[in-house]
Each structure stands twice: as structure tokens, then as C-alpha cells.
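Have a look at the structure below before the remarks.
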Amino acid sequence: MNAIGWPNWRRLNQEGIVFAIAILLFAAAALGLPGFLTADNLVAIVRSVSVLGILALGMAVVIIGRGIDLSAVAIMAMSVAWYLQLLNTGTSDGLAFAYVLAGVLAIGLLNGFLVAYADVPAIFVTLATGSFVFGYVRSQLITQDAVPVPQGHWVELLGGVRFLDIPVEVFVFAGLAFLVFLFLRYTKWGRFIYFAGDNPVAARNIGIPVRPMLVLRYALSAVVALIAGLLTAASLHSINTRVVNSTLLYDIVLVAVIGGIGLSGGRGGVRNVLVGAALIGILLNAMTIIDIPLLYQNLIKAAILLGAIIVDGIINPRDEQTAQQGDI
Amino acid sequence: MTFRERLQAWRYNLVPDHLVGEILTKRWTDNAIPFLALVATLGVFGSIIPGFFKLTSLQESTRQLGEFSLVVIGMTVVMLGGGIDLSVGSIFALSCFSAVYVFFILEQSIWLALAAALATGLIFGAINGYLVGYLRLRAFLTTLVTFIFGRALFDILVSTYAADVQLSQASSDVLDFIGDGTFWGLSVSVWLAVILAIVTHIALTRSRPGWHVLAVGGSRRSAHNAGIRVRRTVFMTYVFSGFCSSIGGFLIACRLSGAGPGTGLNLEIMALTAAVVGGVSLGGGRGSVVKGLMGAIIVLTMTNGLIRLGYGTGTNQMVLGILLAVAVTIDIRWLKNRHKVLNEVYVAPVYLKMGEMQSAAPGSGTSYELDNRLSAADHIGLGELEGPEDVILDRDDHLYCGTRHGEIVRFFAPDYVKSEVFAHIGGFPLGLAFDQKGNLISCVGAMGLYSVSPEREVKRLSAETARSWTSIVDDARLRDPNDCDIAPDGRIYFTDSTKRYDAHDWALDSIENRATGRLLVYDPKDGSTKTLLDGYRYTNGVCMAHDGKSLFFAESWACRVHRYWLEGPKAGTAECVIRDMPGYPDNINRASDGNYWMAWLGMRTPSFDLSLRHPDMRKRMTRRLPQDEWLFPNINTGGVVKFNEKGGIVETLGDLSGNAHPMVTSMREHKGYLFVGGILNNRIGRYKIGGADPNWTSPASYWGAKP
């Protein structure tokens, strides 16, 4: 059971603790909060974390490879906003989607290229591209903050699809989680991500194509963000680009880190994302039922994220041998 | 000379290519890119925005610039220490709120408001510093989280108290002055930014805590090993950043008389972009306050300019994103490739047509004809020595030589079997000479002129000369002091072979062949060093003539020996006495019969002579080929040449076997024997000279019989 990617005992403990907290919280909410333990509310919880979870899956793949993608939310919101804007101004669906997919891939590839081949720290690259994507689309391509979905378009219809009374994004989340699980666990390139994240130099020395794989991860993350954006637009019938300036991005990092995916890379998997998403979903839902204002929710989430990072820093201390100068 | 060669000579001897490389070695070239960007930004926006440079418009924008610069100074210091502080916007906003709260709601004095703002900033900075410095968390994510935390707190506070602030009646002249007044035409915020910038600059460049910050940023582990308290230093940088941001927050509180939801928004990415655009390196150790300020002006001009040009929402983020990505990439690539670029452009060969030479081949019948006599020399210290460049003997017949390990080794007479380290110098001792009092004077490679007393006391005599006016690299420093000799009046004449390369890069100097060698004199009376002659191709050995009125010195890459007159009608001038030798001359020393010994470190080859006429080819060679495939002087064969006062060649000794003395850099005659050294050799040779005076010694020849 010592294969790379399998949690070791300490990690299992952290993941276990988080899982236990999630269950405790669930139990406490079920007992203490009226209307928590109803079918509708449970579906709402799962639904509310679906988009977050999908984004966290993309983030997880990047973090396991010792990177981070701070442009995910900008790509998610702005790509879909542009797509809908193109549709609203009469571009044909196929062409508009091709444009947007090309744009999303271009940003993903740019991120990957700058990280892999120009050796720029991921955090700066994605911060810059995120800012650029938001600024460029907002100022050049769309006219207002929120872009509605055109009447009768498939994105709108997608939002109404139910199966066993469960909205479609839950299934998409489950399906994507399963796919990422298969990718990380059973494909060669998935295994390589762990090697590259654990020790990039060693991975390169044994002949793993570390750089092309880095590019692949960022492209993957960008495409996952596009999917998440389409689902958001489907359920809300519009996309609001102000979400880029919200704390959604940090929620994603929170889900990944609190679930136990170490920021030093090489550790964690899909299960960690699910555990993290469960905890955050229950927490957000409970806070909403208790009627804590959004501003205070942000404060609480920030405090939890800070705690998670401190714990992460203590459990996964930075390795002086593989940490590089300027790795901040 | 063909037309092609004439063109080459003009192109490579007149165009100063070498200056490009010399300029690139300067640290200030790091500033050039941001400075040009600054000029370009100001130029572009100044010309397309009407009234950009008007006083009123400048006053408003400089007020904002003052606040922003304060934040950037804090960010710069954190980045120099190897961290990053994304929470500056939150600190700024919270400090602003603290000041507003104390002044407008508690209705306390403005000074108490200032104290509250500072306390907020310092506490917030201390939290960051504790998390990043002492708990060693990742700076980027940690400060990102404290940024969200601070922002959330600020949003709550502002929404709670906004109405109360509006209703407050509090007012103060001091607050109005800080917010709106000017002092000598400049607003308070600009003055504060200027003062803080100067203080920070001096602290960083001239004080111990500042050096500690740079050391930690440059290399955390080395700083720790050097005994610097790394964690505390990192902690202090964040506290300082909090302090800077809180002053900025206080200023904006005075300017706007309140705090709004937009206070400090996007400030972190602006400050980060400013620092990086200015050229403060990510990862620390490189950068300065001035760079940060240049970046601040660029970023603020761009964002404000675009707003005034009427571009819509999002333009700022777009521009900041592009600026940040481009600046970070340039920074990383520049840091990574600067030395590669430097290596590529530094070597700038010149054209030289060497003169026709007489053959030195055995059997050629010339006076340069090499024989095999040196291969019969006894060896001293075989395998114990590495690199005896010069050898010398004292009045008691003991033998001294320098070694690659930075020591002067003494072999004891009469059999030269036992040896000891006579003195440890630290650099590679090259030329050696005894003065009248028995002090051993040595030219130490890359260090300077040193003296070792008989009591083994090492003293530095000279390490620099006057700097020439037109130099770009510092040519006051002695880069390659090579050989020395002492005049009867005690003055020490010595050579510094090149201004362009350090001693161990002599091969590069031979490939470049630029004439930068010097002859210098050190006067022990006043301790001064003067440059006598400049512009020779690798000045090497120096030897006083027997009468002490002139000296000989070798010019290695031109294969010439010159005579420099100390007195008489030609005093202060040099004339060439031997030209176009077939070998590259090294040290020169006196011989017992009134002639002079000269070492050849290597032999000229037709191929290398030809390459000297093709500087373009040599340039391509150093850029494209690995070093061990370069064409350079043949040092597999050398020799010892005896020449007379007039420059006539008397005889030539060699080692054709190549086993004992392939390369000779020095030889010293002593009591009928010739002691031979080579800088790449592992022994000293002792060769019995036929017919030499068995009582002649060099110290006696210089300073008379034993007192």
C-alpha cells in the first residue's frame, strides 16, 4: 500500500479528521438546524458544491503536479461570458464554441508554456493571466457585467435537466471525478504527475516529459474551468463576471487544501477533493441556514483557509533540498 | 595586406566591441530596462493625454503616487528578503479605517488616529511575519489568505460604520493640510514617500539590518550559515511592509476624509506589478528602492492614463496582467541568461598580423633552435608541487616557489628534498623577487603585490593603481599581476597582464589578443602605485638590466621583449629589443655571464597565427564551441632562451621529450645551476649549466655580497 498517491498514515489521519469533522458537522446541523436534513436541502448542498468541486478537481491535478492555477475562476467566468455574448450577437453556435474553446486552450497553453519553458513561478503566471483574461474580456469583448443565456439555447435547457430529481451538474461532477480518478490512478501520465510533483528534477532525470506534462495540466485545468462555467450559466441562466473578484477562487484552493492535497505537490487525489467539498458544502449550507451574512461567511472561510494552510505547512514542511530559491 | 584583411582590421580594431561586454558586467544595467520603460511610458502618456504635465494634474496624481510609492517601498523590501506581501491592500484599507474610526467616530486627535493606523499596520505585518518568518509558511498563499481575511474584516467594518463617519462633525487643520496642503509645492504624501525612500535606501545599502535582508533574499541557507537570524529578518520585512502600508492608509484617510469599499482595492496586484516591472527580482536579493519607485511611476501612469483616456472597466486588470506577465518573464529569463549573454559577448577579439618568425625547429640552424637539454634536468618536489610559476633562491641557497594552493613553499638546501610551507598567501603567487632586506616580494594572481618578510609576515603592498578616465570595467584593480623586479633604489616594477580577464582566464585573453597589459611601479617610500606603460598584449616577465638603469619586460601574445629606460636620455620610454620570436615569452631573469634568461611558455603555431588574422572566426569559435575545442596557443612545448643586452639571441634550451618541462614559465640561475619552473608543471627542474660561474647568485648580483 505504499504506492505513490496512496495516502500514508499521517495523511490518512488528516483526511480522516477532516472527514470526521464533516460528519460531525453534518450530524450537528441535522440535529440543530430545522430543514437541514430534508431531501431538497441535501440535493441543494450537493448541487452547491458541484461547480466548486469540478473546479477543485482541475485545481487538484495542477496542485498535485506542484503548481497552482489562480486563473481558473477568471477563465471559467470570462470564457462563458464571451461565449454567451457571441451567441447574443448572432454568431452561430458551433463557431462561437470553437472560438471560446480555442481561447480557453490558448490561455491554458500560455500558462503551461510560461511555467514549463520560461520557468516563471506558476503563481505569478496564473495571477497575471487571470487578471489579463478578466480585463481583456470585460473591456474588449463584452459590454456589461452579467451576460444572459439566449432563450431556448442548450445551455439553458441543460440547467433544467433532472434525473431522479437530481440536477445534471451533480452527475457531471460525479462523472468528472470518476474520470480524473481513473486518469490519476490508472494511466501512465496520471502517475507521472505524482512523480513530477514530488520531485520535478528527479522526474526529469529519469526521462519523464516533465515540461509537456506541465503544459497539459494547465490546459486541462482551463478546460475543466470552461465546463464549470457552462454549468454555472446553465443553473443561473446567465453568467456574472463579478464572480472573478469574489472569493470563489480561494474556496477552490480551500477545498483542495482542506481535503488534504499538500501544496508541495505529489500527494492527494480525487478522494481528498470529495472530502474537502463535502466539508465546505455542509459548512456553507449551515451558515446560510443560520443566516450568517455573506461578509461574515468570507471572514470565517478565510480563517478556516488560514488554519488549513498552517496545518498543511506543519504536516508537509517544505523540503529544503527540492525547494528552489524564489519558490514563494 | 589584402583588402579583406584591411577591412577586418578596421572592423575589429576600431569598433569597440569589448565595451558591450564590459557594460553588461555592470550591475546598473539591470536598471536600464525599467528606466527605458519609465521614459517610454511617460513619453507616450504625456503626449497623448492633453495637460498630463500640468501642475494641477501632476499635483493630484503625485498625491496618489506618494501613497502608492509608500506601499511599493514596503513590498520592495519584502521581496528583497525573498518573500512577497499580497496583504498590502488589506493593511492599507484597515489602517485607513483605523484612522477614520479614531478620528471621526471616537473624535480623538489626529495624532492618535495616526498611532491607531500605525498600530494596525504593525500588528497585521507582525502576523504575516510570524506566519511566514517563524512558521515558514509559503509567503504567497499565506499573505493571500491574510489579504482575504483583512478584506472581509474591512468590508464588515465599513458597512457597519459608514453612516456614522458621514455624520461625524470632527475636523482638523492638520488633517486638511495632510490631505490637501502642499509644502514647497509638493504634497505631504510625496514628501513622506521621498523621505522613506531615502531612509530605506540608505538602510538597505549601508546598514547591517539592510544587508541582512539582502543576504537572506540572496540565499537563505547561506545567510543562515553565516549566522544571520533569518527568521527574524524575514519577520521584520513584513513588519516594515505593514508599517509602510499603514502610513499610506493614514494618508488616504486624510485625503478622502473617510474609508469606502474601494479603498485599497487591487492595490496588491498593482504594488506587485510595480515592484516587478521596476526590476525587483522575485525570490529576493536583487533590486532596490529606486527600482521599486520607477515601477510605481510606470504602473500608476499607465493605469491612471488609461482611465483618463476613457477605457472601460477591466482595462486596468488587462494592462496589469500583461505588465506582470511580461515583467516576471523578462526578470526570470534575464537573471537566468545574463551570464550566458555576458559569456557570449564578452570575448571581443581583435585583428593582429604576427611578423615573420625564425624557425625554432631542431635542426633548423637558427639561434632559436630547440634542443633536448632540459629533459636531462633533475627534479625537485616531483608530485608534491602544483604550479611553481616562478622559482627563486635566497642567500642561503634555499629554494622558494609559489603553488596553485595559495602558498609559498620553501625547499631546503643543499639537496632540496625537505620542504615546508613558507607562507600562506591565499592567492596564486606568480612572480617572485628578493629585496635588499631579504623580504620576498610576490605578484599574487588576482590579488596584487605582496611582501613576505623573513619572519614570514605577509603584507599587502599594492592592489590598485589610478583608474584611467575612459575605462568601463574598473581598471584600477590589479586583475593579473604577473611578475616583478626591484630597482637599486628599492622601487618595485611589476606587470599587470590584462585588464579584461582574471588570471586563470589567460587563455581567453590570448584568443582576444586585445592590448591591455600594463607596466606599473610601486614606490615603497610613499606606498604609491603608478602606471608607467599601458596597451601591451599581455605584459609578463620583468627583469632589471645588470646596470640597473633599464629593465626588460616581455609582451607574451606579441612575442616581443621591450626595454624600458629608468634613467639616461631615454628615461621613461620603451623600445622593442626582440621581436617576432617563435615562442611566447614569460619571465626574464639575469644570467651569470651578463646575459639574460627568458622562459617560453609556449610556441607559436601557423594555425594560431592565422586565426589572429581572423577575429570573426575566433569570435564564432568562443561562442559556438565548447572550451576544450578552442584553438589556443600551443603550450605543449616551451623552452629557455638566453639573450644579450642588445637583444641578440645567444642560445635556446628545450625539452623535446615533453616529459619534464614542456611549458616553462620561469628559470633562475644559482651557483652554476638553472632552476626551472612551469605554471602547469608538477616539479622544479635543476639543470647544470655548462661553463657557468659556480659562485654567482642572484641576490648577490642585485644587492651585493652578503653584508
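Select, from B:Gly383, B:Gly387, the only residue that is within 28 Å of B:Ala507 (Cβ to Cβ), modelled with pLDDT under 90, under 33 Å from the mean Cα position of the chain (by Cα) and not in a helix (DSSP H, G or I).
Residue meeting the stated conditions: B:Gly387.
Just one of B:Ala163, B:Ala170 is more than 7 Å from chain A (Cβ to nearest Cβ), small (Gly, Ala, Ser) and either in a loop (DSSP other than H, G, I, E, B) or in contact with a Gly (Cβ under 8 Å, 6 or more places away or on another chain) (or both); which is it?
Values: B:Ala163 fails: either in a loop (DSSP other than H, G, I, E, B) or in contact with a Gly (Cβ under 8 Å, 6 or more places away or on another chain) (or both).
None of the others qualify; the one that does is B:Ala170.
Going by the conditions given, is B:Ile198 part of a helix (DSSP H, G or I), hydrophobic (A, V, I, L, M, F, W, C) and modelled with pLDDT of 90 or more?
Spelling it out, B:Ile198 is indeed part of a helix (DSSP H, G or I), hydrophobic (A, V, I, L, M, F, W, C) and modelled with pLDDT of 90 or more.
Is it the case that segment B:346-365 has a residue that's closer than 28 Å to A:Val133 by Cα, surrounded by fewer than 15 Cβ atoms within 10 Å (Cβ to Cβ), of a type in the set (A, V, I, L, M, F, W, C) and more than 25 Å from the chain's Cα centre (by Cα)?
no
Give me the pairs: first residue in segment B:682-707 and assigned by TED's automatic domain parsing to the domain that holds B:Asp394 and basic (Lys, Arg), second residue surrounded by 19 or more Cβ atoms within 10 Å (Cβ to Cβ) and in a loop (DSSP other than H, G, I, E, B), beta-carbon distance under 8 Å, and six or more apart or on different chains, which are they?
That search, which allows pairs on different chains as well, returns B:Arg683/B:Gly381; B:Arg683/B:Leu385; B:Arg683/B:Pro388; B:Arg683/B:Ala660; B:Arg686/B:Ala377; B:Arg686/B:Tyr416.
What number of residues in segment A:17-62 are part of a helix (DSSP H, G or I), without any contact (Cβ under 8 Å) to a residue 60 or more places away in the chain and either of a type in the set (Val, Ile, Thr) or in contact with a Gly (Cβ under 9 Å, 6 or more places away or on another chain) (or both)?
Total satisfying the criteria: 2.
Per-residue answers, yes or no, for (1) surrounded by fewer than 24 Cβ atoms within 10 Å (Cβ to Cβ); (2) modelled with pLDDT under 90; (3) more than 14 Å from every other protein chain (Cβ to nearest Cβ); (4) under 20 Å from B:Val132 (Cα atoms):
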position: B:His212; (1), (2), (3), (4): yes, no, yes, yes
position: B:Gly217; (1), (2), (3), (4): no, yes, no, yes
position: B:Arg221; (1), (2), (3), (4): yes, yes, no, yes
position: B:Val230; (1), (2), (3), (4): yes, yes, no, yes
position: B:Val234; (1), (2), (3), (4): no, no, no, yes
position: B:Cys244; (1), (2), (3), (4): no, no, yes, yes
position: B:Ile247; (1), (2), (3), (4): no, no, yes, no
position: B:Leu251; (1), (2), (3), (4): no, yes, yes, no
position: B:Leu256; (1), (2), (3), (4): yes, yes, yes, no
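Among the residues of segment B:673-695, write down those that are surrounded by 17 or more Cβ atoms within 10 Å (Cβ to Cβ) and assigned to a loop (DSSP other than H, G, I, E, B).
First, the residues of segment B:673-695 that are surrounded by 17 or more Cβ atoms within 10 Å (Cβ to Cβ): B:673-679, B:681, B:683-687, B:689, B:692.
Correct list: B:Gly678, B:Ile679, B:Asn681, B:Arg683, B:Ile689, B:Ala692.
Select, from A:Gly269, A:Gly260, A:Gly175, A:Gly265, the only residue that is within 14 Å of chain B (Cβ to nearest Cβ) and under 17 Å from the mean Cα position of the chain (by Cα).
A:Gly265
Can B:Leu94 be described as under 21 Å from B:Met270 (Cβ atoms) and at pLDDT 90 or above?
Here the answer is yes, as B:Leu94 does meet what is asked.
Considering each of B:Val72, B:Val39 in turn, give the residue that is surrounded by fewer than 24 Cβ atoms within 10 Å (Cβ to Cβ), more than 14 Å from chain A (Cβ to nearest Cβ), of a type in the set (Val, Ile, Thr) and within 40 Å of the chain's Cα centre (by Cα).
Selected residue: B:Val39, the only one of B:Val72, B:Val39 that is surrounded by fewer than 24 Cβ atoms within 10 Å (Cβ to Cβ), more than 14 Å from chain A (Cβ to nearest Cβ), of a type in the set (Val, Ile, Thr) and within 40 Å of the chain's Cα centre (by Cα).
Could you look through segment A:175-197, keep only residues that are small (Gly, Ala, Ser) and surrounded by 16 or more Cβ atoms within 10 Å (Cβ to Cβ), and pick out the one that is nearest to A:Leu55 (Cα to Cα)?
Going residue by residue through segment A:175-197, those that are small (Gly, Ala, Ser) are A:175, A:177, A:190, A:196-197.
Still in the list and also surrounded by 16 or more Cβ atoms within 10 Å (Cβ to Cβ): A:177, A:190, A:196-197.
Details: A:Ala177: 11, A:Gly190: 18, A:Ala196: 22, A:Gly197: 19 Å.
For segment A:175-197, the residue satisfying everything is A:Ala177.
Condition first: under 21 Å from the mean Cα position of the chain (by Cα) and more than 13 Å from A:Pro212 (Cα to Cα). Now tell me which residues in segment A:95-118 satisfy that. Working first, answer last.
Of the residues in segment A:95-118, the ones under 21 Å from the mean Cα position of the chain (by Cα) are A:100-116.
The answer is A:Val100, A:Leu101, A:Ala102, A:Gly103, A:Val104, A:Leu105, A:Ala106, A:Ile107.
Hey, can you tell me all the residues within segment B:410-427 that are not small (Gly, Ala, Ser) and not in a loop (DSSP other than H, G, I, E, B)?
Answer for segment B:410-427, where residues must be not small (Gly, Ala, Ser) and not in a loop (DSSP other than H, G, I, E, B): B:Arg410, B:Phe411, B:Glu420, B:Val421, B:Phe422, B:His424.
Residues in segment A:88-100: is at least one more than 14 Å from chain B (Cβ to nearest Cβ) and within 26 Å of B:Leu324 (Cβ to Cβ)?
Yes - at least one qualifying residue is present in segment A:88-100.
I'd like the full set of residues that are within 8 Å of another protein chain (Cβ to nearest Cβ), within 12 Å of B:Arg138 (Cα to Cα) and either at pLDDT 75 or above or part of a helix (DSSP H, G or I) (or both), limited to segment A:299-328.
A:Leu306, A:Ile309, A:Ile310, A:Gly313, A:Ile314
Please work out which one of (1) out of contact with any Leu (no Cβ under 9 Å at 6 or more places or on another chain); (2) outside any loop (DSSP other than H, G, I, E, B) is the condition B:Glu567 fails and give its number.
Among (1) out of contact with any Leu (no Cβ under 9 Å at 6 or more places or on another chain); (2) outside any loop (DSSP other than H, G, I, E, B), B:Glu567 violates only (2).
Can you name every residue in segment A:114-145 that is part of a helix (DSSP H, G or I), under 17 Å from B:Val326 (Cβ atoms) and more than 8 Å from chain B (Cβ to nearest Cβ)?
Selection gives A:Val115, A:Ala122, A:Thr126.
Is there a residue being at pLDDT 85 or above and farther than 21 Å from A:Leu263 by Cβ anywhere in segment A:55-75?
no
Check segment B:313-329 and report whether any residue there is modelled with pLDDT under 85, within 11 Å of chain A (Cβ to nearest Cβ) and on the phi > 0 side of the Ramachandran plot.
There is at least one residue in segment B:313-329 that is modelled with pLDDT under 85, within 11 Å of chain A (Cβ to nearest Cβ) and on the phi > 0 side of the Ramachandran plot.
Residue-by-condition table, conditions (1) within 24 Å of the chain's Cα centre (by Cα); (2) small (Gly, Ala, Ser); (3) farther than 27 Å from B:Leu335 by Cα:
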{"site": "B:Leu196", "(1), (2), (3)": "no, no, yes"}
{"site": "B:His212", "(1), (2), (3)": "yes, no, no"}
{"site": "B:Arg229", "(1), (2), (3)": "no, no, no"}
{"site": "B:Ser245", "(1), (2), (3)": "no, yes, yes"}
{"site": "B:Gly264", "(1), (2), (3)": "no, yes, yes"}
{"site": "B:Val280", "(1), (2), (3)": "yes, no, no"}
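Restricting attention to segment B:272-292, report how many residues are away from chain A (no Cβ under 13 Å) and surrounded by 24 or more Cβ atoms within 10 Å (Cβ to Cβ).
6
Among B:Val88, B:Val77, B:Val100, which is at pLDDT below 90 and either more than 14 Å from every other protein chain (Cβ to nearest Cβ) or surrounded by fewer than 24 Cβ atoms within 10 Å (Cβ to Cβ) (or both)?
Going through B:Val88, B:Val77, B:Val100 in turn, the sole match is B:Val100.
Looking for whichever is more than 14 Å from chain A (Cβ to nearest Cβ), modelled with pLDDT of 90 or more and in a helix (DSSP H, G or I) here; the options are B:Leu342, B:Leu374, B:Leu352, B:Leu370. Which one fits?
The unique qualifying residue is B:Leu374.
Can you tell me which residue among B:Ile156, B:Ile195, B:Ile148, B:Ile202 is surrounded by fewer than 19 Cβ atoms within 10 Å (Cβ to Cβ), within 14 Å of chain A (Cβ to nearest Cβ) and of a type outside the set (Asp, Glu)?
Only one candidate passes the filter, namely B:Ile156.
Could you grab the pairs with beta carbons closer than 6 Å, sequence gap of 6+ or different chains, first residue in segment B:494-519 and free of Cβ contacts under 8 Å to residues at least 12 places away in the same chain and in the same structural domain as B:Thr531 (by TED's automatic domain parsing), second one assigned to a loop (DSSP other than H, G, I, E, B) and not hydrophobic (A, V, I, L, M, F, W, C)?
none
The values are calculated or read from the model by the stated rules, or taken from the named source; none is laboratory data. Keep in mind it's a predicted model, so treat the numbers as computed, not measured. Cβ sites come from the backbone with ideal geometry, for glycine too, and all protein chains shown count toward neighbours.
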